[in-house]
Structures are given as structure tokens and as C-alpha cells.
Amino acid sequence: MSAPPRLIAHLDMDAFYASVELLRYPDLRGQPVVIGGGRDHRPVLLPDGTRRYATLRHYAGRGVITTATYEARALGAHSGMGVMKAAQLAPQAFLLPVDFDQYRKYSRLFKAAVREIAPLVEDRGIDEIYVDLTDLPGAAADGGRGIGQTLKDAVRDATGLSCSIGITPNKLLSKICSDLDKPDGLTLLAAADIPARIWPLPAKKINGIGPKATEKLAGLGIHTIGELAAADPAFLVAQFGKSYGAWLHEAAHGRDDRPVVTHSEPKSISRETTFERDLHAVRDRAALGAIFTELCVELAGDLARKGYAGKTIGIKLRFDDFRIVTRDLTLPAHTMDARTIRRAAGECLKRVDLTRRLRLLGVRAGSLATLAELVGPAAAYALPDPADALPAEEAPAHYGLPLFDAAMQRTP
């Protein structure tokens, strides 16, 4: 008996962060709203029960938009854009701070709702998943429309939020289709529909064709997926190399055999922050010390919550000239202890020239192992001592960064 044809869904939450915020501030529904502010941009509750919201008109800083409502996108504001630039396009748009704890909460809720119906889920980030519907009874009877609507209803019931779903024979096509009818879309596509519905789209709609490849394809006279599908495979290989050239040909024809992977181990876990203004290792030593401590504590908490310990601790710095520097240190044993992480990250900092101002500071734990892998008698694992905990609110001066001391000695 032959296997049933594959039926794969890609579910993408609609303007996820902004939609979560609108649950909290429903009076902003229908308004242009940008998510990307700092703590200073939190709404202020007024005596009459209404709220005063920050707007882009008075924004000053170097923040980046995390997401925006569709009303703000219509004015030109979009994720990844600098907030200052968005202020020029949509000064009347409202500005809200980012609240990742809240977004993670709703992410868990919508994924749990989906798994109750279709357990074969591949987690692709905080706001999107792939779902294998192939073996669900009756799912293929109407091309997936019924099960797609069931999933959408379950997500809305669990979160109050809408999502868009593409259902096709594979992950590549479903990723494209989930974006075609946003927001609140449900798009079905069979292999026979590819010439009419996929080929007229821009080539960059294929996940995996980035800006550089798009530019090169345009230079070759290839702008749409259909034009890419019509290109000679040997020509694509000659232009893009054996592997990528062959993949371009396959992708343009909608071919993708990748399975839905229900579990994968993370390679690293990190925490980072971009500063509202550039900070100097000497003149802003106290502020950097506090931020550094907080990042290490948050990273330790992330490791503990997810059940991992790291053996390689690293840092990431972005300077005021946008140069990025990373340093790593491998420990003798795995750890999830904030003090150990902070000490190792501080050693990494000693190997960086800090004469320029900093825009970003990050801490990372790599070479991860699950706690289950580390409990054996031969495992090397540094268990955290509760008496040696490093609270985030502890005075950072007591844990002064050694590198900042060194920087003070060599920096006038």
C-alpha cells in the first residue's frame, strides 16, 4: 500500500508581538503601532483610567523595530527598520516597549493548542511552526481546509490571536503560502497549482533566496520564480555553484523533501542587549557592570529553565563603528551557574580592546549538554551552590569587571 501524499502546514502568527500588545491595550486596535521602544516608552495610566502612549514623533535613540501592526506597515514602518527612520515615515504611530516574557507566554500557548490537534510540530521560532498533517484522519479529504480552520480556531481560542496558515505538499511551498493571504489567511496549494500561483511571485519569496542572490538573479534577467524555473539547471550551477544552483532549480519547481523535525537540540543559548546610547568602558563602567551582571543572570536562568548546561562561554560586542567582536572560553566542566558564567565572560572581555564605545553587549553559552546527560557518575558538571547565587540586583561594584579596570589603566 502506497504512502499517502504529504500534507504539510506552515503556521505563522500575524504581527505576533504587536498582536500580543493589543490584547493588553485594546484601545490601540486599528491604529499604527510599532514595537521596539524601551522601558521609558511604557504607557502611562492616567487618573481617569485612560492611558497616555508614546509616539514616534518624539523618539530619540537607536532602537530597531521588532514588529509593527499592519496599519503601521501601510505607512512604511516594518521590522528591522530603525525607529528614528520610522519616525520620519509615521510620526503619529504609537510606540510600545518590547516584552519578551509576554511573547514567550503566548508562544507556548499557541503551540500547545496546535499539538493537542496535530502532535507532529517543528518549532521554527517564537511565532511560527511547521505541522505534519499527513497521517491525521480525514485531513486530506478537502485538501487540508477543514484541519487548517480547526488549527486557526484552536489558536484563537487559546490566545485571542489570529494566525495565517499555508497547507501544501511540503515545507517550502507552505512557507510561501502562509504569507500570501495575511492576516488571518488560510491558503491551500496542490502541486498542479504551482505554475499559476507560485511562478508569478518574485524569486525572493522562496525562503533561502536572500538579498544577494536576488540581486544576482536580477542581473541575469531572472525576477520571478517562474523565470527561475525556466532557467537551464546547468546555467544556474555555473552561476551559483553545484549545491546552491541545483537547489534553486528544485525550489523553483516546488520540490522539497525535508521532513518535519519534531525535536532538535539548540547549539547555543544567548542573551544580549543594544544600548540606547553608546557606552564607554571607563566612563560608563558602573552601568556596563550592572548590564553585564544582569545578562549573565538571565542566561543562567534560561539554561536552568530549558534544562541545559554550557561548557563554552562567549561574549559578543558591537562597537560604535558597527564592528562586531566575539570571544569564547571553554571551561573544564559544564555549568549553568551565573557566577561561573560571569567569571568566564569577564575573562573573555579581557581579550578585547575597549577603547571604542559599545553599542551592544551579549553573553552566550555553547557546547550545550542536557542535564540528563550530565548526571552520570563520569560526567563533569559544576553544580551551582545556592549559597553562591548571584542575584541580578546585587551591587555590580562588588563584582567589578576586571577588564574595565584594565581598560582604565590603558585608556586616557
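Quick notes
- Distance histogram in 5 Å bins (all Cα pairs of segment 196-260, percent per bin): 4, 19, 32, 28, 12, 4, 1
- Where only C-alpha atoms are counted, convex hull volume of segment 334-377 per residue in Å³: 96 Å³
- Note on segment 126-232: percent of Cα-Cα distances in each 10 Å bin, starting at 0 and stopping at the bin with the largest distance, equals 14, 41, 29, 14, 3.
- Inter-site label distance for LYS182 and LEU45 at 7 Å from Cα along Cβ, in nm: 3.3 nm
- Close Lys pairs in segment 179-289, defined as Cα atoms under 20 Å apart and 8 or more places apart or on different chains, number 8.
- Inter-label distance, GLU347 to ASP278: 3.1 nm, where each label sits 7 Å from its Cα along the C-beta direction.
- Considering every alpha-carbon pair of segment 277-355, the percent of pairs per 5 Å bin, from zero through the bin containing the longest distance, is 3, 15, 23, 25, 17, 10, 6, 1.
- Mean sequence separation of contacting Cα pairs (under 8 Å, at least six apart), scaled by the length of the chain, corresponds to a relative contact order of 13 percent.
- DSSP beta bridge pairing in the chain, given as percent antiparallel to the nearest 5: 85 percent
- A 1.4 Å probe run over the chain, with the rest of the protein chains in place, finds 50 Å² accessible per residue.
- Helical contribution to [θ] at 222 nm, DSSP H n ≥ 4, -39,500 (n - 2.57), averaged over the chain, rounded to 500: -10000 deg cm²/dmol
- Highest GNM mean-square fluctuation among LEU236, LEU136, LEU45, for the chain modelled with Cα contacts below 10 Å: LEU45.
- Radius of gyration (Cα atoms) of segment 32-122, expressed as a multiple of 2.2 N^0.38 Å: 1.30.
- Rounded Å value of the spacing that divides the Cα centres of segment 1-39 and segment 40-98: 18 Å
- About the centre of its Cα atoms, the chain shows a dipole size close to 1100 debye [charges on the beta carbon of Lys, Arg (+1) and Asp, Glu (-1) only; nearest 20 debye].
- Length-normalised contact order for segment 192-318 - Cα pairs under 8 Å, 6+ apart - percent: 17 percent
- Efficiency of FRET between TYR70 and ALA287 - r from beta-carbon atoms, R0 35 angstrom, step 0.05: 0.40
- The mean sequence distance of close C-alpha pairs (under 8 Å, at least 6 residues apart), as a share of the length of segment 210-262, puts its relative contact order at 26 percent.
- Integer Hz, Karplus 6.51/-1.76/1.60 couplings in order for segment 100-114, x for Gly and Pro: 5, 4, 5, 5, 5, 4, 6, 5, 4, 5, 6, 5, 5, 5, 5
- Computed in the context of the full set of protein chains, the accessible area of segment 102-233 at 1.4 Å probe radius has 52% of its extent on carbon or sulfur.
- Cross-link reach list, lysines versus LYS350, counting only Cα pairs under 23 Å and skipping chain neighbours closer than eight places: LYS311, LYS316
- For the chain, the longest principal axis of the alpha carbon atoms and the long axis of helix 338-349 meet at an angle near 90°.
- Between ALA191 and ARG115, full extension at 0.36 nm per residue minus the direct alpha carbon distance yields a gain of 24.7 nm.
The values are calculated or read from the model by the stated rules, or taken from the named source; none is laboratory data. If you're wondering where the values come from, they're calculated on a predicted model, not measured in any experiment. With ideal geometry, Cβ positions are generated from the backbone for all residues, glycine too; neighbour counts draw on all protein chains shown. Ligands, DNA and RNA are stripped out before the accessible areas are found, and what is left, the full protein with its side chains, is counted by its heavy atoms. Shrake-Rupley method; radii C 1.70, N 1.55, O 1.52, S 1.80 Å.
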